[in-house]
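Worksheet for the structure shown next.
The values are calculated or read from the model by the stated rules, or taken from the named source; none is laboratory data. If you're wondering where the values come from, they're calculated on a predicted model, not measured in any experiment. A quick note on method: Cβ atoms are made from the backbone with ideal geometry, for glycine too, and the neighbour counts reach across all protein chains shown.
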Amino acid sequence: MSYLRPLAVTLALLAACSQADVPATTSTPTPQVDAAPIASDQSESDRVNAWFARRFEEEALNRPEYLAQLGRKQRQGEWNDETKAAWLNRMDRAQSDLDFLTEEVDVATLDEDATLSHRLYVKNAQDRLEGMRWYGYSYPFNQMRGTHSGIPTFLLNQHNIDNEAEAEAYIARLAGIPEKLDPVIQRSAESFDRGIAPPKFVYAHVLRDISNILSGAPFEDSEDLNLILDDFKKKVDLLDLPDNTRERLFSDAIEAMDDAVGPAYRRLETELRRQQAGASDDDGAWKLPDGADYYAYRLRRMTTTDLSADEIHDIGLREVDRIHGEMREIMKSVRFEGDLQDFFEFMRTSEQFYYSNDDDGKARYLREATSIIDVMEGRLDEVFLRKPKAEMEVRAVEAFREQSAGKAFYSRPAADGSRPGYYYANLYNMARMPTYQMEALAYHEGIPGHHMQIAIAQELEGVPNFRKFGGYTPYSEGWGLYSEYLPKEMGFYEDPYSDFGRLAMELWRACRLVVDTGLHHKRWTRQEAIDYLAENTPNPQGDIVNAIERYIVMPGQATAYMIGKIKILELRERSKAALGDAFDIRDFHEVVLSSGAVPLDVMEERVNAYIEAAR
């Protein structure tokens, strides 16, 4: 079939974007993958699964950074194409995919798994096309996931150097950073001029990150190497190469840093200072053109439900009240005298709950978090029928981004086993990492949380790759939050303060429903949202400020956690009630995990089918 741009798509795009936005150049064409020969007796399910495999491979080959995340070495010296032309091409492909799946596939003849794959692929294409209206609305330079910090993060963590050719590819990527960064700078500038920009406080964070990225030699007269150059040197020094080859590679890397990396980041700095001078202090998505519609779209995408902002806000308020009640029970059990706010203050300030803010304290935290995960791993057979094969490591967030990065997060393993999954703990300020939350954080990011769910999905057999490596936020983050609760039922959290930490993290996610909708729908200010968290959670002020600033630049994302967890627990309780003594939690978990990530309505349908089959 043809993948030429459909006329209707082109007209829709031109209507949505100004002529000034449309680039004069064309994007790198999508590499084509030869289709396997189709047997005459091939079923419709086999045919569509072969199509899924071909399209995944085409998409992967068109995204060099994604190939690296998969542990593959193709196009190792290149970056993803960030031009608008490339985006237009992706939209055309989404429309072509949708046309093929809805017009050329006989859905009625597909087997059960192929039907699910078809349904999910159609939804993904529809979601992508719905998002056309909001091109340029995401803030490409922010303190959480900006392109500026993504470049060094990728080089340090994803670009391995095992031989001279891969060192050359690293240098090629350094030289190609302007091609990666400049189109994003242009998109940011155009969005700003359309009234689409983050609030003023964001710019100080990003400019600080840029300053960190440009620190050290060769950008400064310093004995310390720049973080990227230092990474390159350390990786090359491990290779068995002649001295003259090593010197040449290092010299070429310095040249690329001077000629390409430094100038590109300074152009970014200049543009962001221009924006900073004209930025406003308004925080929520409501301030953007058609902001109410945009936020409603974000809530649909982030929760995979049709819940309104007001409904989500009310759910949050109810959950906050429930968790406060459970916290008061813990206060009684430890015989604390005072009210809940007094207990919060005690948990914030008592030295017994915090390790020293030095190398020893940080190393201790990493050791103990690893131990928590190891102990849980030994108990998995009690509640799961399958376990991940991929290994996992606990790491501290790198110094260049630790001031801006979140408290903790997970990075998936390479599919071929060449790289483990990483649970990143942000140890920049140990006052933000209380020991009473260590258990729940380890369970959420590691096992049985993100590592288990994501690694299992990647390792599924007979499932198209787009499902193995895709995701839906309420599924993955709902599972992460559910994974904080499950160990409580298994007898963990023996220390009541650690159990309080579990509740504190659940409370944090409940409050997110309130403050996210408050900021973006009810027009709360940044300070009003900060005050709400300060009054209703035990988290330290720095934690609270970082969180609110995160929710501001990622509208709706924070609502996914609690909405997803509530749905998983609701479905589990429904299964228990329906099956009685026949209910086996291992079977329930198998139903949830064995499909890979799915929208919440699909997960509900699968659980309902499991209940009927078990009856």
Original post:
Would you call Asp259 under 30 Å from Glu130 (Cα atoms) and surrounded by fewer than 17 Cβ atoms within 10 Å (Cβ to Cβ)?
Top reply: no
Subject >> Residue that is modelled with the highest pLDDT [pool: residues in the stretch 394-410 that are crowded, with 21+ Cβ neighbours inside 10 Å and out of contact with any Leu (no Cβ under 9 Å at 6 or more places or on another chain)] >> reply: Arg401
Subject >> Top-ranked residue of the stretch 302-324 - restricted to ones that are of a type in the set (Gly, Ala, Ser) and in a helix (DSSP H, G or I), ranked as surrounded by the most Cβ atoms within 10 Å (Cβ to Cβ) >> reply: Gly316
**OP:** Determine the pairs where a residue that is under 20 Å from Leu156 (Cβ atoms), located within the stretch 59-75, has a partner that is among the hydroxyl-bearing types (Ser, Thr, Tyr) and not in a helix (DSSP H, G or I) with Cβ atoms under 9 Å apart, the partner being 6 or more residues away or on another chain.
**Re:** Gln69/Ser411; Gly71/Ser418
Original post:
Quick check, is Ala614 exposed (fewer than 15 other Cβ atoms within 10 Å of the Cβ), over 27 Å from Arg512 (Cβ atoms) and either of a type in the set (A, V, I, L, M) or in the same structural domain as Leu116 (by TED's automatic domain parsing) (or both)?
Top reply: no
**OP:** Can you give me the ranges of the helices (runs of 4 or more DSSP H) entirely in the stretch 523-613 with at least 3 residues that are over 24 Å from Gly501 (Cβ atoms) and out of contact with any Asp or Glu (no Cβ under 8 Å at 6 or more places or on another chain)?
**Re:** 560-579, 585-593
Subject >> Among the candidates Leu110, Leu156, Leu67, residue that is under 28 Å from Tyr410 (Cα atoms) and either in the same structural domain as Ile552 (by TED's automatic domain parsing) or buried (at least 19 other Cβ atoms within 10 Å of the Cβ) (or both) >> reply: Leu67
**OP:** Provide a single number: the residues in the stretch 335-393 that are within 18 Å of Tyr436 (Cα to Cα), among the small types (Gly, Ala, Ser) and either part of a loop (DSSP other than H, G, I, E, B) or modelled with pLDDT under 95 (or both).
**Re:** 2
**OP:** Restricting attention to the stretch 189-221, report how many residues are more than 15 Å from Arg266 (Cβ to Cβ) and of a type in the set (S, T, N, Q).
**Re:** 1
Subject >> Exclusive hit being farther than 22 Å from Asp258 by Cβ, in contact with a Ser or Thr (Cβ under 7 Å, 6 or more places away or on another chain), crowded, with 17+ Cβ neighbours inside 10 Å and not basic (Lys, Arg), set Pro198, Pro140 >> reply: Pro140
**OP:** Among residues belonging to the stretch 463-498 that are of a type in the set (Asp, Glu) and out of contact with any helix residue (DSSP H, G or I) (no Cβ under 6 Å at 6 or more places or on another chain), point out the one that is farthest from Ala50 (Cα to Cα).
**Re:** Asp495
Original post:
If you take the residues in the stretch 239-254 that are part of a helix (DSSP H, G or I) and in contact with a helix residue (DSSP H, G or I) (Cβ under 9 Å, 6 or more places away or on another chain), which one is surrounded by the fewest Cβ atoms within 10 Å (Cβ to Cβ)?
Top reply: Thr245
Original post:
List the pairs whose first member sits in the stretch 371-396 and is more than 28 Å from Leu156 (Cβ to Cβ), whose second member is among the aliphatic types (A, V, I, L, M) and assigned to a loop (DSSP other than H, G, I, E, B), and whose Cβ atoms are under 6 Å apart, counting only residues at least 6 apart or on separate chains?
Top reply: Met376/Ile447
Original post:
Across the stretch 422-443, what is the total count of residues that are part of a helix (DSSP H, G or I) and either more than 29 Å from Leu593 (Cβ to Cβ) or of a type in the set (Phe, Trp, Tyr) (or both)?
Top reply: 6
**OP:** State yes or no: is Phe141 touching a residue at least 40 places away in the same chain (Cβ under 8 Å), part of a loop (DSSP other than H, G, I, E, B) and of a type in the set (A, V, I, L, M, F, W, C)?
**Re:** yes
